[in-house]
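Visitor: Dropping the structure in here first, questions after.
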């Protein structure tokens, strides 16, 4: 789905007038242009999306933390949310903290897994695009309808679309196998 299709889906749920471009001179187009990026990024932050996951090796900053130990590593600008941080070892997962746009970790090396700012809507799954449209409908509701009752319906719609998108996205990949080497006594 392209940006205009996502916007028109959200507008249709609010009984608004469809747009042909977010640069149209209509109220709907202006609201879509003002809200699309924020709505998209908000939905990206709301899940561990397989299609928006990326790995980075971070370089340490020259400055040290003012208080405490560890090193600071600058996060990439496109990283919306950090999922994991480690030093590349199979046996060690790092204790870390996000401080502003940096990661603090007690290591000389930092690798992160995170959600990146995916701007190409053609790479969205259909269910994710619907979740973005529902989020936009929620954000555009008051300016277009001035109805708190419709807003509540859009909040519920967003929750439903987000759950569906997360469930479908979570079904991709291999299963994790858990093993227990200890005997368990069952009576």
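Here, each number is a calculation from the coordinates, and none is a lab measurement. Keep in mind the model is a prediction, meaning the values are calculated, not measured. Glycine gets a Cβ as well: all are built from the backbone with ideal geometry, and neighbour counts include every protein chain shown.
Visitor: How would segment 50-116 be classified by its alpha-carbon gyration tensor: rounded, prolate or oblate, with rounded meaning a/c under 1.5 and the a/b versus b/c comparison settling the rest? List each step's numbers first, then the result.
Guide: Details: a/c = 2.08, a/b = 1.34, b/c = 1.55.
Oblate shape, in that a/c is at least 1.5 and b/c is the bigger or equal ratio.
Visitor: Moving to a separate point now. Helix 148-170 sits at what angle to the longest principal axis of the chain, using alpha carbons and giving 0 to 90 degrees rounded to 10?
Guide: So the helix axis and the longest Cα principal axis differ by about 40 degrees.
Visitor: At a 10 angstrom cut-off on C-beta neighbours, averaged per residue, how do the peptides 69-76, 32-39 rank from highest to lowest?
Guide: On the way: 69-76: 16.8, 32-39: 18.2.
Result, highest mean first: 32-39, 69-76.
Visitor: Within 10 Å of each residue's Cβ, count the other Cβ atoms and sort 98, 104 from fewest upward. Walk me through the numbers before you get to the answer.
Guide: Values: 98 13, 104 20.
Ranking 98, 104 by Cβ neighbours within 10 Å, fewest first, gives 98, 104.
Visitor: Let me ask something additional. According to a simple spin-label model (label point 7 Å from Cα along Cα-to-Cβ), what is the distance in nm between residue 159 and residue 59?
Guide: Each label point lies 7 Å from its Cα, and together they span 4.6 nm.
Visitor: Fewest Cβ neighbours within 10 Å first, please rank 115, 67 accordingly.
Guide: Values: 115 21, 67 5.
Placing the least packed residue first, the sequence is 67, 115.
Visitor: Relative to the longest principal axis of the chain, what angle (0 to 90°, nearest 10) does the C-alpha long axis of helix 27-45 take?
Guide: With rounding to tens, the tilt is 20 degrees.
Visitor: For the chain, what does -39500 (n - 2.57) per DSSP helix run (n ≥ 4), summed and divided by total residues, give at 222 nm, in deg cm²/dmol to the nearest 500?
Guide: After summing the helix terms and dividing by residue count, I get -13000 deg cm²/dmol.
Visitor: Going by average Cβ density within 10 Å per residue, which order do the peptides 121-127, 159-165 take, highest to lowest? Show your work: numbers first, answer last.
Guide: Working: 121-127: 14.4, 159-165: 17.0.
Those peptides, ordered most packed to least, come out 159-165, 121-127.
Visitor: Where a ≥ b ≥ c are the square roots of the eigenvalues of the C-alpha gyration tensor, would you call segment 1-66 rounded, which needs a/c under 1.5, or, failing that, prolate if a/b is larger than b/c, or oblate?
Guide: Values: a/c = 3.45, a/b = 2.40, b/c = 1.44.
Because a/c hits 1.5 or more and a/b exceeds b/c, segment 1-66 counts as prolate.
Visitor: Here's a follow-up. What is segment 50-116's relative contact order, in percent, from Cα pairs under 8 angstrom and six or more apart in sequence? Present the calculation step by step, with values, prior to reporting the outcome.
Guide: On the way: 131 pairs, mean separation 29.9, N = 67.
This gives 45 percent for segment 50-116.
Visitor: Name the residues of segment 99-131 whose amide N is less than 12 Å from a point 7 angstrom out from the Cα of residue 51 along the C-beta direction?
Guide: 118-131
Visitor: Need one word for segment 118-173: rounded, prolate or oblate. Basis is the Cα gyration tensor (sqrt eigenvalues a ≥ b ≥ c); a/c below 1.5 gives rounded, then a/b vs b/c decides.
Guide: Details: a/c = 4.76, a/b = 1.86, b/c = 2.56.
It is oblate, given that a/c is not under 1.5 and a/b is not larger than b/c.
Visitor: Tilt of helix 126-145 relative to the longest C-alpha principal axis of the chain, in degrees (0 to 90, nearest 10)?
Guide: On a 0 to 90 degree scale, this one is about 50.
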